[in-house]
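Below: the structure, in structure tokens.
The values are calculated or read from the model by the stated rules, or taken from the named source; none is laboratory data. Keep in mind the model is a prediction, meaning the values are calculated, not measured. With ideal geometry, Cβ positions are generated from the backbone for all residues, glycine too; neighbour counts draw on all protein chains shown. Please note that ligands, DNA and RNA were not included when accessible areas were found on the heavy atoms of the full protein model with its side chains. Shrake-Rupley method; radii C 1.70, N 1.55, O 1.52, S 1.80 Å.
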Amino acid sequence: MTQTMTMAKALNAGLRRALEADPKVLLAGEDIGKLGGVFRITEHLQRDFGPERVVDSPLAESGIVGTSLGLALRGYRPVVEIQFDGFVYPAFDQIVSQVSRMRFRSMGRLSVPMVIRIPYGGGIGAIEHHSESPEAYFAHTPGLVVVSPSTPLDAYWMIQQAIASDDPVIFLEPKRRYHEKGEEPPLALDAARVVLQGTDATLLTYGPMVKTCVEAAIAAQAEGRSLEVVDLRSLSPLDDAAIRASVEKTGRAIVVHEAVRSGGLGAEVAARIQETSFYSLEAPVLRVAAYDMPYPPSRVEMAYLPDLDRILDAVDRSLSH
């Protein structure tokens, strides 16, 4: 992919390329066929590849994931779509008890090459169960690869890399970025990316918050502050080397994510920085996250989610040390 396109179109193109390249690749999910999915990510794919490879499944997430697990064990590469983030919980038992453990349980004799696509995060004015950030549940589960693209070209390459992986991949798609455009060179699936170079502090983030952190860094430049923005991209495994290199360069770290603060991925990142880079830190590692409460009604969601002002306030606190 060389032309500029939205993330939604880039994901569609990446799925199309994977379907063309390997007849063992199958797509399954609610309304993904004729409708093309709620967000039209799979638009026209059933038309072009047929209903046996792009399957409109019943309204049963546990059944979708369980059936796809069986297909993966028989040599297929299923790509499952969970229609919204909050709908993944009926399949949680299948994912954490079966999908994640199969390679370990079989002592490496079996692999589960499947991808579970989850549109996640807020900012779209949706109702309950449509704006959640469940990444910490899956990053906490050994045996799962957990990734989140933040740009269209990243999404295009990462979905193909995920499908090619012999490990099960939780593929988190920031739904409020589906219609934004952009380009950058492709990276390995588990590699972090320095989006913006800086010297005073590091903003570590992923998915929907990458753009927000870049906006905060640009705003900080007006005050003479140089912020480095690192897009983690892979949440499990984390790119420890990239995190360490940036934090030891700037001496300060602020982790930003949409998920609630307590027990979130930011806590894990902060702990690793403390363990590996303590003597390079000029200030405590800070976290900017959603508040510890259920996702609120859409009319107040922007007060709930991290924004430019909350990020810059954390920068002020970090630089004051």
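Roughly what would the spin-label model give for E275 and L308, points 7 Å off Cα along C-beta, in nm?
3.7
Of V99, V194, S165, which is farthest on the positive side of the dipole of the range 86-237, counting Cα position, with +1 on Lys and Arg Cβ, -1 on Asp and Glu Cβ, and the Cα centre as origin?
V99
Full-extension gain between S62 and D190, please, as 0.36 nm times their residue separation minus the C-alpha to C-alpha distance.
Separation in residues times 0.36 nm, less the Cα-Cα distance, equals 43.3 nm.
Quick check: Cα centre of the range 258-321 to Cα centre of the range 117-142, how many Å?
17
Quick one: net charge around Y89, please, counting Lys, Arg +1 and Asp, Glu -1 for every other residue with C-beta under 10 Å from its C-beta.
-4
Just going by the charge dipole of the chain, with Lys and Arg at +1 and Asp and Glu at -1 on Cβ, which of F138, M293, G29 is farthest out on the positive end?
Comparing the listed Cα positions along the dipole, G29 ranks first.
So for the pair E215, A21, with labels modelled 7 Å out along Cα→Cβ, what separation do we get in nm?
3.4
Hey, what's the range 77-203 come to in accessible area per residue, 1.4 Å probe, Å²?
Per residue, the range 77-203 has an accessible area of 38 Å².
What's the magnitude of the charge dipole for the chain around its Cα centre, counting Lys and Arg as +1 and Asp and Glu as -1 at the beta-carbon? Answer in Debye, nearest 20. Show your work: numbers first, answer last.
On the way: 32 positive and 41 negative charges, 143 e Å.
Dipole of the chain, to the nearest 20 debye: 680 debye.
I'd like the Karplus ³J(HN,Hα) series for the range 124-135: coefficients 6.51, -1.76, 1.60, θ = phi - 60°, whole numbers in Hz, and an x wherever there's a Gly or Pro.
3J(HN,Hα) across the range 124-135, in whole Hz: 10, x, 8, 8, 4, 6, 10, 9, 8, 10, x, 4.
For a label point 7 angstrom out from the Cα of D292 toward its Cβ, which stretches of the range 265-280 have the backbone nitrogen within less than 13 Å?
Once the point is set 7 Å along Cα→Cβ of D292, 267 turn out to lie under 13 Å by backbone N, inside the range 265-280.
For helix 265-277, what angle does its Cα long axis make with the longest principal axis of the chain, in degrees from 0 to 90 and rounded to 10?
Roughly 50 degrees between the two axes.
Multiply the residue separation of S226 and R40 by 0.36 nm, subtract the distance between their alpha-carbon atoms, and state the gained length in nm to one decimal.
So the extension gain works out to 63.1 nm.
Counting each DSSP H run of 4 or more residues in the chain as -39500 (n - 2.57), what helix-only mean residue ellipticity at 222 nm follows after dividing by all residues, to the nearest 500 deg cm²/dmol?
-10000 deg cm²/dmol
Heavy atoms only, probe 1.4 Å: what % of the accessible area of the chain goes to carbon and sulfur, would you let me know?
54
Taking θ = phi - 60°, what integer Hz values does the Karplus form 6.51 cos²θ - 1.76 cosθ + 1.60 yield along the range 219-230, in sequence order, with x for Gly and Pro?
Running phi through 6.51 cos²θ - 1.76 cosθ + 1.60 with θ = phi - 60° gives 5, 5, 4, 5, 9, x, 10, 10, 10, 9, 10, 10 Hz.
Suppose we keep just the alpha-carbon trace of the chain; what are its Rg and Dmax in angstrom?
Expressed in Å, the Cα Rg and Dmax of the chain come to 19.4, 60.
With springs only between Cα atoms under 10 Å apart, run a GNM on the chain and tell me which of D190, D292, D231 wobbles the most.
Top of the fluctuation ranking is D292.
Kindly write out, for the range 236-253 in residue order, the coupling ³J(HN,Hα) from the Karplus curve 6.51 cos²θ - 1.76 cosθ + 1.60 (θ = phi - 60°), rounded to whole Hz, with x marking Gly and Pro.
3J(HN,Hα) across the range 236-253, in whole Hz: 7, x, 7, 8, 4, 5, 5, 4, 4, 4, 5, 5, 6, 6, 9, x, 9, 9.
Excluding H257 itself, calculate the net charge of residues whose Cβ lies under 10 Å from the Cβ of H257, where each Lys or Arg counts +1 and each Asp or Glu counts -1.
Here the charged neighbours net out to 0.
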